[in-house]
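To start, the structure itself, in structure tokens.
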Ligand SMILES: Cc1cc2nc3c(=O)[nH]c(=O)nc-3n(C[C@H](O)[C@H](O)[C@H](O)COP(=O)(O)OP(=O)(O)OC[C@H]3O[C@@H](n4cnc5c(N)ncnc54)[C@H](O)[C@@H]3O)c2cc1C
């Protein structure tokens, strides 16, 4: 590379991790680097707010932004689909060509894969992307009482708390509409307890919140099949009037077929530096797998994608400036847990703690709910 010519840093994916990485890289490096963000979508929806949208508390436009804010900060936006990653040639392929890089940050997230389970798309709802959350909102609006089943189809899935928040927000919504007493809500998961990665205290406290709302909880109960008006668990058909099933997740194809993928298709990374096995290539967020000492993996959550992006941006900026010291991602994270009725709890902890993550749960209250709204507003103003 000729001296003084700007380095080319390419970020794949403009979700939570990619936005933070690209913004910080440009802030830190200015004219010393071209920061190119490749993102197929022209708009970004803040996923945590989809749960409020599902119960009519947000409109799509209030939680969706275009990428003009990033362009104003000097990030070069390319709205295309990434079709290949060739680490031996230091280039990525898109639908229309090839983009070379000096440093690459992969932040392509996880793909929802409802088609893996026959009948799931046709007969169930979920709040995990904008069009689906809107359809669920409409179905809830039409609902006049009956049996609601909330289920987690398979592991891993994004945001360990979100399915439990979904069940409790639906509880709050049905109460507000005066039809909770003519409805039953049941929650099924293959997990042994809620939020297993956070330890038993966190799990029991979420289970207690479900019980306090009359939501029956069925742990260690994988989904076995989907019928038009029933789900099959443990060999039995459980009929419902409304089913909300968090669909299976898989790694993006472009990752699974690349040399970066590990045996299960996700990208193994060094947990401190987020380096992959390829030189000058980092991966952050939901596309990665980071094993923990308790045998589970770091959850797929925006809070970690964000923290990892900060570390990677700092370390790439240092390398470009010739400073070889490295910052380390420390596995700390905080997550609000919406419980309905204008309240949230909070889980906060050190997920890299040895031998098990150290996570404290704070009881649901109005102040955590207000803090969750403030965080949403901060995110939507700050990053796009
Ligand atoms: C309903 C819901 C609630 C949630 N609540 C919380 C919460 O309260 N707290 C929390 O921490 N996390 C929460 N999460 C999880 C959080 O949203 C994700 O963990 C986070 O977005 C991961 O960031 P990421 O950058 O890895 O991936 P993403 O944010 O998913 O971004 C990936 C980006 O890559 C783009 N992309 C993918 N493939 C290609 C391709 N081939 N070419 C070009 N672009 C591509 C996608 O369009 C996307 O913009 C929630 C998620 C959901 C669904």
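Here, each number is a calculation from the coordinates, and none is a lab measurement. Predicted model, so just to flag it, every value in this text is computed and none were measured. So basically every Cβ, Gly included, is an ideal-geometry build from the backbone, and we count neighbours across all protein chains shown.
The angle between the Cα long axis of helix 130-142 and the main principal axis of the chain comes to about 10°, on a 0 to 90 degree scale. Between the range 316-364 and the range 225-264, the C-alpha centres lie 27 angstrom from each other.
So what is the 222 nm mean residue ellipticity for the chain from helices alone, if each DSSP H run of at least 4 adds -39500 (n - 2.57) and you divide by all residues, rounding to the nearest 500 deg cm²/dmol?
After summing the helix terms and dividing by residue count, I get -8500 deg cm²/dmol.
Contact order for the range 1-85, expressed relative to its length and based on alpha carbon pairs under 8 Å spaced 6+ residues apart, stands at 34 percent. Seen against the Cα atoms of the chain and their longest principal axis, helix 366-382 is set at about 30 degrees.
Each of residue 259 and residue 32 was given a label point 7 Å from its Cα along the Cα-to-Cβ line. The distance between the two points is 2.8 nm.
Compared with the dominant principal axis of the Cα atoms in the chain, helix 302-321 is inclined by about 0°.
Taking every DSSP bridge with both residues inside the chain, close to 50 percent are antiparallel. Full extension of the chain segment joining residue 113 with residue 236 gains 41.9 nm, where the gain is 0.36 nm per residue of separation less the Cα-Cα distance.
Of all DSSP beta bridges confined to the range 1-140, the antiparallel ones make up roughly 45%. Applying 0.36 nm per residue to the separation of residue 147 and residue 40 and subtracting their alpha-carbon distance, the gain on full extension is 34.7 nm. For the pair residue 272 and residue 381, label points projected 7 Å from Cα toward Cβ lie 3.7 nm apart. Distance from the C-alpha centroid of the range 125-155 to that of the range 53-69: 18 Å, rounded to the whole angstrom. To check you understand DSSP bridge types, tell me what percent of the beta bridges within the range 113-248 (both residues inside) are antiparallel, rounded to 5. Expressed as a percentage, antiparallel bridges in the range 113-248 total about 35.
For the peptides 16-25, 308-317, 341-350, the ranking by mean Cβ contacts within 10 Å, running from highest to lowest, is 16-25, 308-317, 341-350. If R0 equals 30 Å, the separation of the Cβ atoms of residue 95 and residue 330 corresponds to a calculated FRET efficiency of about 0.20. Working from label points 7 Å from Cα in the Cα-to-Cβ sense, the residue 181 to residue 212 distance is 2.2 nm.
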